[in-house]
1. Starting at 0 and stepping by 10 Å, how many percent of the alpha carbon pairs of region 332-397 end up in each bin?
2. Considering only protein heavy atoms and a 1.4 Å probe, what is the carbon-and-sulfur percentage of the accessible area of the chain?
3. Do any of 72/420; 93/398; 156/317; 72/398 go past 27 Å between their Cα atoms, and which?
4. If you take every DSSP beta bridge whose two residues both sit in the chain, what share of them, in percent to the nearest 5, is antiparallel?
5. In debye, nearest 20, what is the charge dipole magnitude of region 261-368 about its Cα centre with +1 on Lys and Arg Cβ and -1 on Asp and Glu Cβ, if you could check?
6. Is it possible to state the helix-based mean residue ellipticity at 222 nm for the chain, with each DSSP H run of 4+ residues giving -39500 (n - 2.57), the sum divided by total residues, to the nearest 500 deg cm²/dmol? What is it?
7. One quarter of the convex hull surface, Cα atoms only: what value does that give for region 413-468 in nm²?
8. Normalised by the residues of the chain, what does the relative contact order come to in percent, with Cα pairs under 8 Å and at least six apart?
Amino acid sequence: MKYISTRGAMAPLEFSDTVLMGLAPDGGLALPERYPQVDRATLDAWRALPYPELAFEILRLYATDIPEDDLKALTTRTYTAAVFGSAAITPVKTLHDGVKILELSNGPTLAFKDMAMQLLGNLFEYVLQKRGERLNILGATSGDTGSAAEYALRGKANVNVFMLSPAGKMSVFQRAQMYSLTDENIHNIAVRGMFDDCQDIVKAVQNDHAFKEAYRIGTVNSINWARVVAQVVYYFAGYFNATANNDEKLSFCVPSGNFGNVCAGHIARQMGLPIDRLIVATNENDVLDEFFRTGVYRPRSTAETFVTSSPSMDISKASNFERFVFDLVGRDGAEVARLWRAVDAGVGFDLSARLADVRERFGFVSGASSHADRLATIRQIDAEDSVVLDPHTADGVKVAREVRIPGETVLCLETALPAKFAETIREALDREPPRPAGFDGIEDLPQRVVEVDADAATVKSLIAHALA
Ligand SMILES: *Cc1c(COP(=O)(O)O)cnc(C)c1O
C-alpha cells in the first residue's frame with residue numbers, strides 16, 4: 001500500500017514514511033492510494049477477535065512495509081488490559097434510553113487520544129530503531145494532546161519530547177498529569193503566555209530549517225496518518241460490540257474538533273463496515289456543523305473562536321477535514337489544493353452542490369451543543385443512568401439524542417473521562433467527578449517543568465542544551 005497527498009503532488013510513500021511525517025511536501029495530508037475493502041466473510045471472522053488481534057488485522061492492510069510478526073508484536077504490546085483497564089480495551093455501555101457509549105478513555109491520560117498515541121509511540125520507536133535515526137518531538141498543547149504524547153513516548157529509545165504549554169492556563173489535574181512525569185526524555189516547558197504563543201514558537205522553530213535539521217525536530221500532531229488508522233480499529237471493535245451480527249447497521253456520534261476521530265469513522269465506512277450514519281457533534285465552535293448543514297466551509301479566525309467548557313473541541317478550522325473533502329471531490333488533488341488556497345486566504349469554500357453526496361453517499365449528518373446543553377445532558381444522564389459524562393462526550397450524547405430517528409442505534413464515542421474537567425462537573429452536579437483508581441493525590445507529586453518567556457530563541461537554546 002502506497003500513500004499519496006490530498007493535494008496530489010507528492011511522490012508515493014510507504015506507511016513507515018508517514019509515521020514520521022507532518023504535512024506532505026505539497027502542504028497536503030497523507031492518505032492511502034485506495035481503501036482496502038472488507039467483505040462479509042472477513043467481518044464474520046473479525047467479530048470474535050480480541051482487540052489487539054483486530055488491530056493487527058486492520059493495520060496489516062495499511063502498514064504493508066512492516067513485517068507481519070513485528071506488527072503483531074507492536075499491537076500486542078500496545079493494547080493491553082494493564083494500559084487500558086480491561087481486556088475489552090473499548091467496552092460499550094447502554095444508557096436507559098438506548099443510546100450507547102463506546103468507552104475510549106480508560107488509557108493513561110483518560111482521553112481517547114491515548115488509543116492512537118500509545119500505538120504511535122511504539123511505531124515511532126520501531127521505525128527510528130530500524131532506520132538508526134533519532135527524533136526530537138517539539139509540540140504545543142493546551143491539555144489533552146501533549147499529555148497523551150508524553151505518556152506514549154516516555155522512556156522510549158531514540159526520541160525526546162519537548163512540550164510547550166501555557167504557564168498557569170491548564171487545569172490543576174492536567175498540569176499534574178504532565179509535569180509529574182520524571183522520565184529523562186520528557187521535557188515540560190511552561191511558556192509565560194497563551195496557547196497561541198506556544199504554537200507560534202513551534203512554528204518559528206520549524207521555520208528555522210538549519211536548526212530543525214541539526215536537532216532532528218519532528219511533531220506528533222493530529223494530522224499524522226498512523227493516528228487516524230489506529231482510530232479506525234475502534235470503529236470496528238465498537239460495531240462488533242454494539243451489534244448482534246454483521247447484518248445490523250449502526251450509526252456513530254463523534255464529538256469533533258480537528259475531525260481526526262470522525263475521519264477514522266469515514267474510513268471504516270469506506271472499507272465496508274456497515275455504518276449507517278456518521279453524526280458529527282460540535283460545541284459552540286460550529287464550523288463543521290455549518291458545513292454539514294449547508295455545504296459551506298467557513299473557517300473562523302482565532303478572534304472568532306470561543307473558549308468553551310468542552311475546550312478540546314475549540315477549533316477555528318478542522319485540519320483533518322481535508323481528508324474527507326479529498327474523497328468528496330473524487331480524489332482530485334488539484335481541486336483540494338484550490339479549495340485550501342481559499343481556506344488559507346480566510347475565505348473558505350462552498351460545496352453545497354455536493355451536499356446530497358455528503359449525506360447519502362457518505363452518511364454524514366451533524367448537530368451542535370452549547371454550555372447549557374452540556375450541563376443539562378450531564379445532569380440528566382447522571383440522574384437517569386448514574387453515569388457521569390465528561391463535557392465533550394455530553395456534547396455527543398446531546399446531539400445523538402436530537403438527530404437519531406426511530407429504529408436507529410447510535411454509538412457515541414466517549415472522548416474523555418470527567419475527572420479531567422472537574423470545574424464543569426462541579427457546575428453541573430455540585431460535586432467532584434469520580435476519579436479512577438491510581439489518580440488520587442496526583443496533584444501532590446513532585447513536578448518537573450521549566451518556565452520560560454514566550455521567546456523562540458530561549459526555547460531553541462533550551463533544546464540545544466538538553467541535547468548537548
Ligand atoms: C481531541 C479531542 C476531541 C476532538 O477530537 P478530533 O479528533 O480533533 O475531532 C474531542 N474531545 C476530547 C476530549 C479531545 O481530547
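1. Going out from 0 Å in 10 Å bins, region 332-397 shows 18, 26, 24, 22, 10, 0 percent.
2. Values: 8810 of 17730 Å².
The C+S portion of the solvent-accessible surface of the chain is 50 percent.
3. On the way: 72/420 32 Å; 93/398 16 Å; 156/317 32 Å; 72/398 38 Å.
Over 27 Å Cα-Cα: 72/420; 156/317; 72/398.
4. Among the beta bridges of the chain, antiparallel pairing accounts for roughly 20 percent.
5. With only Lys, Arg, Asp and Glu charged at Cβ, the dipole is about 220 debye.
6. Working: 19 runs with 201 residues, N = 468.
Estimated from H runs of four or more residues: -13000 deg cm²/dmol.
7. Seen from a random direction, the Cα hull of region 413-468 projects 7.3 nm² on average.
8. Answer for the chain is 19 percent.
The values are calculated or read from the model by the stated rules, or taken from the named source; none is laboratory data. Since we're looking at a predicted model, the values are computed, not measured. All Cβ positions, glycine included, derive from the backbone under ideal geometry; neighbour counts span all protein chains shown. Note: accessible area is taken over every heavy atom of the protein model, side chains too, but ligands, DNA and RNA are not part of it. Shrake-Rupley method; radii C 1.70, N 1.55, O 1.52, S 1.80 Å.
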